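Enquirer: Attaching a single structure in structure tokens format; questions to follow.
The numbers here are math on the coordinates, done by the rules we state, and not lab data. No experiment lies behind these values; they were computed from the predicted model shown. Note: ideal-geometry Cβ built from the backbone for every residue, glycine included; neighbour counts use all protein chains shown.
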Amino acid sequence: MSQILTTGSPLPFELFAIRYGNHSGRHQSDNFLNGDSHETGADLDYFVWVARRADQVFVIDTGFGEQAALSRGRRLLRAPSEALSLLGIAADAVEHVVLTHLHYDHAGTLDRFPRARFHVQDAEAAYATGRCMCHPALSAAYAVEDVTGFIRCVYQGRVDFHDGTEEIVPGLTLHRTGGHTAGLQVVRVWTKRGWVVIASDATHFYANLGSGRSFPILHSLGDMLEGFSTVRRLADSEDHIVPGHDPLVMKAYAPPSPELEGLIVRLDEPPRLTFKELCA
Ligand SMILES: [Zn+2]
Ligand SMILES: [Zn+2]
């Protein structure tokens, strides 16, 4: 891991999690490597995130659309591109999208962002188009049409490739952890409460990180476990870490306004529950 680039105090971002989907009826073995297949497991929520300040908007991940929801038996609450409008953001005007990785639930619906540049790790593009995708166990969470759409964006010159740790703008840095996929990256965002890390699938649930137990979809267990350390190091505290799929995120943080309860929360305000409580 190369050094962290940003120092000092850049202009803080507002930071939001938008819950756009859900999957219930899971078992412990769906959520934890070597988990019990007989025991009920927590629901998986699906999120995209927004980092916004006066001069810039960054959308982090684009989620999945109706087709993926139908074919994979997931509940789509609201198309992510439409959910953005609840924050006054028009998807077709967004200029920067960070893709934490190219799994179907993080990098679908790219066509809804026609003006965007997509920020992706070199290793993720190579992984999603290379030899590992010959193995169904590794390709299952990718959608070939989404990856094809991403490649079209490459050929249109709309992808910014990153390698390891990079600062996109002061106050927003990308960090490859790998583990879950070869090129998974987490996003570190400067807010009024300090450095918050959008961990995405570096930890699906608070409990993955809290107990050191990996989610079962993996490229490298070693990198996944190292990624836990990286996420902890990058965040100002455990209470500054935001997991990628945990329904408890909606309980931990407050909505920006009462009518957005259950849909959007503000991550730049302190959580109402501690990391320890969220891992229990
Ligand atoms: Zn994933
Ligand atoms: Zn995911």
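Enquirer: Could you list the GluC sites (Glu not before Pro) in region 10-87 that lie in coil according to DSSP, counting only those with at most 16 other Cβ atoms within 10 Å of their Cβ?
Expert: 39
Enquirer: Then there is this: Given a Förster distance of 30 angstrom, what is the FRET efficiency for residue 24 paired with residue 211, based on the Cβ-Cβ distance and rounded to 0.05?
Expert: Efficiency, from the Cβ-Cβ distance: 0.85.
Enquirer: Then there is this: How much net charge surrounds residue 27 when only the other residues with a Cβ under 10 Å from the Cβ of residue 27 are counted, with Lys and Arg +1 and Asp and Glu -1?
Expert: -2
Enquirer: Could you size up the charge dipole of region 142-221 around its Cα centre, putting +1 on the beta carbon of Lys and Arg and -1 on that of Asp and Glu, and report it in debye to the nearest 20?
Expert: Charge dipole, region 142-221, about its Cα centre: 300 debye, nearest 20.
Enquirer: Tell me, in nm to one decimal, what length is gained between residue 257 and residue 92 on full extension, where the rule is 0.36 nm per residue of separation less the Cα-Cα distance?
Expert: Fully extending the segment from residue 257 to residue 92 adds 57.0 nm.
Enquirer: Please state, as a whole number in µm²/s, the translational diffusion coefficient that the Stokes-Einstein equation yields for the chain at 10 °C and 1.306 mPa s, with Rh defined as the Kirkwood radius across alpha carbon pairs.
Expert: My calculation gives 86 µm²/s for D.
Enquirer: Still on this model: Which of 229, 96, 140 sits farthest toward the positive end of the charge dipole of the chain, with +1 on the Cβ of Lys and Arg and -1 on the Cβ of Asp and Glu?
Expert: Farthest towards the positive pole: 96.
Enquirer: May I pose another question? Please identify which residues in region 195-212 have an amide N closer than 16 Å to a label point set 7 Å out from the Cα of residue 140, following the Cα→Cβ vector.
Expert: Counting only backbone N, you get no residues.
Enquirer: Considering only DSSP beta bridges where both residues belong to the chain, give the percentage that are antiparallel (nearest 5).
Expert: Bridges in the chain are about 70 percent antiparallel.
Enquirer: Dipole size in debye (nearest 20) for the chain around its Cα centre, Lys and Arg Cβ +1, Asp and Glu Cβ -1?
Expert: With only Lys, Arg, Asp and Glu charged at Cβ, the dipole is about 100 debye.
Enquirer: Another one. Given a 10 angstrom Cα cut-off, can you work out which residue in 232, 158, 72 is the most mobile in a GNM of the chain?
Expert: Most flexible of the set in this elastic network: 72.
Enquirer: Could you please report the charge total around residue 173, scoring K, R as +1 and D, E as -1 over all other residues with beta-carbon less than 14 angstrom from its beta-carbon?
Expert: With Lys, Arg at +1 and Asp, Glu at -1, the neighbours total -2.
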